[in-house]
1. Does the range 419-434 hold any residues that are without any contact (Cβ under 8 Å) to a residue 40 or more places away in the chain and either under 28 Å from the mean Cα position of the chain (by Cα) or buried (at least 17 other Cβ atoms within 10 Å of the Cβ) (or both), and which are they?
2. Six or more apart or on different chains, Cβ under 9 Å: which pairs go from a residue in the range 344-366 that's free of Cβ contacts under 8 Å to residues at least 12 places away in the same chain to one that's exposed (fewer than 15 other Cβ atoms within 10 Å of the Cβ) and outside any loop (DSSP other than H, G, I, E, B)? Could you list them?
3. Which numbered condition trips up residue 209, out of (1) touching a residue at least 40 places away in the same chain (Cβ under 8 Å); (2) buried (at least 23 other Cβ atoms within 10 Å of the Cβ); (3) not β-branched (Val, Ile, Thr)?
4. Name the single residue, out of those in the range 1-21 being part of a loop (DSSP other than H, G, I, E, B) and closer than 21 Å to residue 412 by Cβ, that is modelled with the lowest pLDDT.
5. Which one of the conditions (1) over 24 Å from the mean Cα position of the chain (by Cα); (2) basic (Lys, Arg); (3) surrounded by 21 or more Cβ atoms within 10 Å (Cβ to Cβ) does residue 276 fail to meet, given that it meets all the rest?
6. All but one of (1) open to solvent by less than 40 Å² (accessible area, probe 1.4 Å); (2) in contact with a Pro (Cβ under 6 Å, 6 or more places away or on another chain) hold for residue 217; state the number of the condition that does not hold.
7. Scan (1) under 23 Å from the mean Cα position of the chain (by Cα); (2) buried (at least 16 other Cβ atoms within 10 Å of the Cβ) for the single condition residue 89 breaks and write down its number.
8. Go through the range 87-143 and give me each residue that's more than 30 Å from residue 157 (Cα to Cα) and among the basic types (Lys, Arg).
Amino acid sequence: MKHQVFSEELVASVVSELQIANLEQATIGEVLLVASRLEEKTGIPFIRMDQGSPGLPANQIGIEAEKAALDRGVGSQYPAAAGVAELKAAASRFVKAFIDIDIPAEGCIPTTGSVAASYGSFIACTQRIPGKNKVLFIDPGFPIQKSQLRIIGAQWEWFDIYHYRGEALREKLESYLSKGDIAAIVYSNPNNPAWICLEDSELKIIGELATRYDAIVMEDMAYFCMDFRSDLGKPWQPPYPPTVARYTDNYVLMLSSSKIFSYAGQRMAVLCVPEKLFHTHYPALAERYGDSGIFGQTLIASILYMITSGCTASTQYAYAAMLDASVEGRIDFVEDTREYGRRAERMKKIFTDNGFHIVYDHDVTQPVGDGFFFTLGYGNMPSGQLLKELLYYGVSSISLSTTGCEQNGVRACTSRMREELYPVLEERMKAFHADHPL
């Protein structure tokens, strides 16, 4: 007899009710709906490892700054398309203090979360040079970014980095870039979903090839300084987090407030464009938009403004205050977010004690760290089947197959784990292991 928390019939009825075509290929949003509906119908709590939403309170300095901005009356005026001056200056200082890279305030562009930053960047990158219109994903990665390319009708290539770490990355990248049609290269570092971290040697390869083949690297720093294996996040002092910005001028950085300050609900990020790229003139952009064709200006005024017409003014002041407080040492965002690493360590142990293995378990020179996400496999069970089987035991996750991953497994997020749920997870995974002997 199986020890499932939710019967297969009940899960199937909920999937049918929610009109989900294929549970094994379900999106994050669909898994979330299934878990929420099962909780609602039964009153039995789920272990929620699906959506990567912050599990810590929003930063108080940001909240107070946002309230103060509203009290000053900023809510009655449209913010400038390029962003409020205070945030642009704060972002430029923050990038220098924590990454040791010089990006002028002009190139620090507020966006409605990094999702808007990547959307606008995809448009500008794929339209700047005729015939250079594809995006290359270093996967596994964030499925939403491929959905954005579907909307704009851009094509993409992808590969799973699992077998191409270190020097092996060069030949693999060159096999795509040498065709001449790759406009941009995308990855997150640390990685969503695998929590692997590209090391300096790999970023140097990416940077050198981006320059040689004129591709723009879109580096998503959503989990900024959250590689807790290194003592990162001390303003004005090394070690600084690895970045492709040290190895090419062809890059943009996406810096979100969602995870480092738990400010996800306010949708705020900064897209950092270096001076050389910001001022590069592209005739194809000028012709298409009837503007200057200067990359940064077109991106701001002719693309991003058409998507969100600027960002919420009060939230820009909130983000500026949090960035300034970090630079001045009044916020230690790395210590604040270290809780995710502690959760990951405890959760991983429960799973590995019960027959699971970590799928992406190593970087080039060291074991993968503990942080916001990790990946789980169970024997040779296919990704979609593991997602479905875990749901029967009251654990929600997302299938690695939806992230551009060729390995079997699921992504687990630590953000919604609570102290009282560890014994529940342990009990359920013992049952899972007993019902699925390896």
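1. 419, 420
2. Here the result reads 361/367, each pair linking the range 344-366 to a residue that is exposed (fewer than 15 other Cβ atoms within 10 Å of the Cβ) and outside any loop (DSSP other than H, G, I, E, B).
3. Going through (1) touching a residue at least 40 places away in the same chain (Cβ under 8 Å); (2) buried (at least 23 other Cβ atoms within 10 Å of the Cβ); (3) not β-branched (Val, Ile, Thr) one by one, residue 209 breaks only (1).
4. Looking at residues that are part of a loop (DSSP other than H, G, I, E, B) and closer than 21 Å to residue 412 by Cβ, I get 3.
5. (3)
6. If we test residue 217 against (1) open to solvent by less than 40 Å² (accessible area, probe 1.4 Å); (2) in contact with a Pro (Cβ under 6 Å, 6 or more places away or on another chain), just (2) comes out false.
7. Going through (1) under 23 Å from the mean Cα position of the chain (by Cα); (2) buried (at least 16 other Cβ atoms within 10 Å of the Cβ) one by one, residue 89 breaks only (1).
8. If the condition is that a residue be more than 30 Å from residue 157 (Cα to Cα) and among the basic types (Lys, Arg), then 88, 93, 96 are the ones that fit.
The values are calculated or read from the model by the stated rules, or taken from the named source; none is laboratory data. Keep in mind it's a predicted model, so treat the numbers as computed, not measured. Using ideal geometry, Cβ is built from the backbone for each residue, glycine included, and neighbour counts are taken over all protein chains shown. These accessible areas exclude ligands, DNA and RNA; they are computed on the full protein's heavy atoms, side chains included. Shrake-Rupley method; radii C 1.70, N 1.55, O 1.52, S 1.80 Å.
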